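Reviewing the structure listed below.
The values are calculated or read from the model by the stated rules, or taken from the named source; none is laboratory data. From a predicted model like this one, the values you see are computed outputs, not experimental measurements. Cβ placement follows ideal geometry from the backbone for every residue including glycine, while neighbour counts extend to all protein chains displayed.
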Amino acid sequence: MNIFQTIKHETADFSNKTAVIDGERSISYEQLISSAELLAASLKKAGVGPYDRVALRCKDSIEYIEASLAVLSLSAVMVPVAVEHTEEEVNGILESIAVHYLVFEKGPYDNAGSDSLDLINFSQKEFRILNRGQQKEPDAEYYKINPAFIRFSSGTTGASKGVVLSHEAILDRTSAADKGLRITQDDTVLWVLSMSFHFVVTILLFLRRAATIVLCSNLFPESLIAGISRHKGTFIYASPFHYNALAHMESLSAESLQNIRLAVSTAMKLPENIAQGFREKSGIELSEAYGIIEVGLPFINLSPDESKRSSVGKSLPDYEVEIVNRDKDGVGQIYIKGEGMLDAYYSPWQNREGILKNGWFDTGDLGRLGPGGYLTIVGREKDVINFAGMKIFAQEVETVINNFPGVRESYVYGEDHAIYGQLPMAKIVLQDVAGLSTDDLKKFCYRKLAQYKVPKGFETVDSIPKTASGKIKR
C-alpha cells in the first residue's frame with residue numbers, strides 16, 4: 001500500500017479540478033500528480049530509494065506538497081523539517097533520525113556539498129539535495145511496517161522520539177478523521193498552519209477527497225481574506241490565533257463568511273473569548289479539535305449546544321476514550337485507542353506493542369468526560385508549553401540558557417495568554433551577584449533556538465524550587 005498511489009487513484013476522475021492555489025498560482029490534480037512523479041524521477045536519479053529517510057525543508061507552497069508526494073511515491077520516508085528551526089536544530093534531527101538525504105529549497109540552508117535537482121517545468125523554486133551518505137541501520141522492524149513519515153512535534157529531538165507512521169496508518173487515520181470533517185470535492189480549504197507540523201491527517205485527507213486547498217500562511221492575513229472573499233472558502237482549519245485575527249478584521253463581515261460550512265480550531269486550547277469574538281463577528285460556532293501526533297484526530301466538537309463549548313467533543317466513531325486514575329472531580333489521564341495509531345518511535349526504537357497499553361495510548365493530558373461522552377481537556381502531564389499552536393519543550397530551552405556564561409540554572413514555564421495560549425517565560429539563577437545582560441542572553445537564545453521558543457521574559461531569582469530528588473518542581 002502507498003498513500004501516493006491511493007491519492008492518484010482516488011482523484012483520477014478529478015484531473016482537471018484545481019488541487020492547490022498558492023497566491024496567483026494554481027495547479028490541477030493532473031498537474032500535481034505528474035509534477036510529483038517528475039520530481040520522484042529526479043530524486044531516484046539522485047539515489048533516493050525505498051526506506052531511505054528524506055528530510056524536507058521548504059516553505060509552505062505548491063512545491064512542498066509536490067515534494068512530499070514525490071518522496072512518498074518512491075516508498076521513501078518523509079521527515080519534515082520546519083524552516084523556523086535553526087541550523088543546529090535541523091542538524092539534531094538529521095542525526096537523530098539518521099537521515100539519508102536532505103531536500104531543501106535554495107536559500108534557507110547551507111548549499112555546501114548539495115546538488116541541484118532536475119526540475120524542468122516543475123517548479124518556481126530551486127530544490128537542492130544533500131546526500132548524507134551511509135547511515136546507521138534502524139531496527140529490523142522498521143522495514144516490516146511500510147514506513148511513510150517520521151514526525152516530530154514542535155520541539156526537537158531531545159524530547160521528541162520521532163513518531164513513525166506507516167502508509168496504512170495514514171490511510172486509516174485520514175479515513176477516521178473524515179468521519180468528522182466530511183471533506184468532499186466541493187470543499188475549498190483555507191490553510192494557514194505550518195505543513196511541517198500539520199500535514200498527515202489534513203493535507204493528505206484533503207487531497208484524497210479532491211478538495212481545493214488555498215494556501216494562506218505566507219501572506220497572512222491578506223491571503224486568508226482572499227481565500228474567503230475571492231476563492232469562496234468553505235472550510236477553515238486554523239489555530240485560535242488566526243480566528244482572533246479574523247474577528248478583528250474590519251474588512252470582513254458575516255456576509256463574507258457565508259460560504260464557510262465548518263471552521264475547525266486546532267493546535268492549542270480554544271480560549272472562550274476568541275470563540276465568542278469570532279462567533280459575534282461571523283455567526284459561526286468554532287469546532288474545537290483535539291489532535292495527537294501518535295493517534296491522529298480523534299476528537300472534533302461538532303455540537304451547536306452552548307453547554308459543550310469548552311469541550312473538544314465526543315470521540316469520532318473509530319476511536320475510544322478512557323479516563324484513568326480519576327480524582328474526585330472525575331479528572332484523570334486521557335487514554336485513547338483507535339484507527340491509525342503510530343507504528344513506532346524511531347529514536348530510540350520502540351514498537352507499537354511497547355508503546356501502547358493493551359491497545360491504549362496514554363496521551364499525557366488530563367481531562368474529564370461529561371454527559372454524552374464529551375471530553376474536556378483540563379491540563380497536561382507532559383512538560384510542554386503551547387505557544388500559538390507550537391509546542392516548546394521547557395528542558396530544551398533551559399539547556400540553552402544554562403550554557404550562557406553567568407547562568408547557574410534556569411526554569412522555563414508557560415504563562416497563560418488570552419491569544420497565544422501560553423508565553424514561554426524563564427526564571428534564572430546567576431552564578432554571582434554581578435548580574436548579566438538579559439538582552440545578550442536573549443540574543444544568545446535566538447542563535448540557538450527557533451524564534452518562537454525564546455522566552456518572552458527573563459526574571460532573576462535567588463533559587464528555583466526543587467523536589468526531594470533534586471528535580472525542578474513544575
Consider Leu252 carefully, then state whether it is free of Cβ contacts under 8 Å to residues at least 60 places away in the same chain, outside the structural domain of Tyr420 (by TED's automatic domain parsing), among the aliphatic types (A, V, I, L, M) and within 16 Å of Glu285 (Cβ to Cβ). no
How many of the residues in the range 333-348 are under 16 Å from Gly291 (Cβ atoms) and charged (D, E, K, R)? 2
Output the residue which, of all residues in the range 309-343 that are in a loop (DSSP other than H, G, I, E, B) and of a type in the set (Val, Ile, Thr), is nearest to Ala263 (Cα to Cα). Val312
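Here is a yes/no grid of residues against (1) touching a strand residue (DSSP E or B) at 6+ places or on another chain (Cβ under 6 Å); (2) of a type outside the set (Ser, Thr, Tyr); (3) under 18 Å from Phe206 (Cα atoms); (4) in a helix (DSSP H, G or I):
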position	(1), (2), (3), (4)
Met1	no, yes, no, no
Asp13	no, yes, yes, yes
Val20	yes, yes, yes, no
Leu32	yes, yes, yes, yes
Pro50	no, yes, no, no
Lys59	no, yes, no, no
Glu66	no, yes, yes, yes
Name the residues in the range 286-312 that are farther than 15 Å from Asp178 by Cβ, of a type in the set (Gly, Ala, Ser) and touching a strand residue (DSSP E or B) at 6+ places or on another chain (Cβ under 7 Å), would you? Ser310, Ser311
Picking from Asn259, Asn244, which residue would you name as being outside any strand (DSSP E or B), more than 30 Å from Tyr335 (Cβ to Cβ), polar (S, T, N, Q) and at pLDDT below 95? Asn244
Could you identify the single residue in Leu224, Leu219, Leu204 that is of a type in the set (A, V, I, L, M), assigned to a loop (DSSP other than H, G, I, E, B) and not assigned by TED's automatic domain parsing to the domain that holds Tyr64? Leu219
What is the number of the single condition among (1) surrounded by fewer than 18 Cβ atoms within 10 Å (Cβ to Cβ); (2) in contact (Cβ under 8 Å) with a residue 24 or more places away in the chain; (3) over 22 Å from the mean Cα position of the chain (by Cα) that Ala112 does not meet? (2)
Restricting attention to the range 220-227, does a residue exist that is under 27 Å from Phe104 (Cβ atoms) and among the hydrophobic types (A, V, I, L, M, F, W, C)? yes
Determine if the range 168-179 includes at least one residue that is within 22 Å of Asn16 (Cα to Cα) and in contact (Cβ under 8 Å) with a residue 24 or more places away in the chain. no
Contacts under 7 angstrom Cβ, first residue in the range 124-145 being without any contact (Cβ under 8 Å) to a residue 40 or more places away in the chain, partner part of a loop (DSSP other than H, G, I, E, B) and surrounded by fewer than 15 Cβ atoms within 10 Å (Cβ to Cβ), 6 or more apart: Glu126/Lys106; Arg128/Lys106; Arg128/Asn111; Leu130/Gly113
May I ask you to verify whether Ile93 is at pLDDT 95 or above, in the same structural domain as Ser34 (by TED's automatic domain parsing) and not aromatic (Phe, Trp, Tyr)? no
Looking at the range 274-289, is at least one residue polar (S, T, N, Q) and either touching a Lys or Arg at 6+ places or on another chain (Cβ under 8 Å) or touching a residue at least 40 places away in the same chain (Cβ under 8 Å) (or both)? no
When you go through Ile334, Ile284 one by one, which is the residue that is under 22 Å from Val384 (Cβ atoms) and of a type outside the set (D, E, K, R)? Ile334
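On the phi < 0 side of the Ramachandran plot and modelled with pLDDT under 95: is that true of Thr184 in this structure?
So Thr184 does not fit the description; no.
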Test: Lys456 is farther than 25 Å from Glu87 by Cα, assigned by TED's automatic domain parsing to the domain that holds Glu409 and either at pLDDT 85 or above or among the polar types (S, T, N, Q) (or both): no
Note down all Cβ pairs under 6 Å where the first residue falls in the range 12-39 and is on the phi < 0 side of the Ramachandran plot and without any contact (Cβ under 8 Å) to a residue 60 or more places away in the chain, the second is loosely packed, with under 15 Cβ neighbours inside 10 Å and outside any helix (DSSP H, G or I), and they're at least six residues apart or on different chains. Ser28/Asn16
Let me confirm something: among Ala275, Ala238, Ala226, Ala267, which residue is among the hydrophobic types (A, V, I, L, M, F, W, C) and more than 24 Å from Cys58 (Cα to Cα)? Ala275
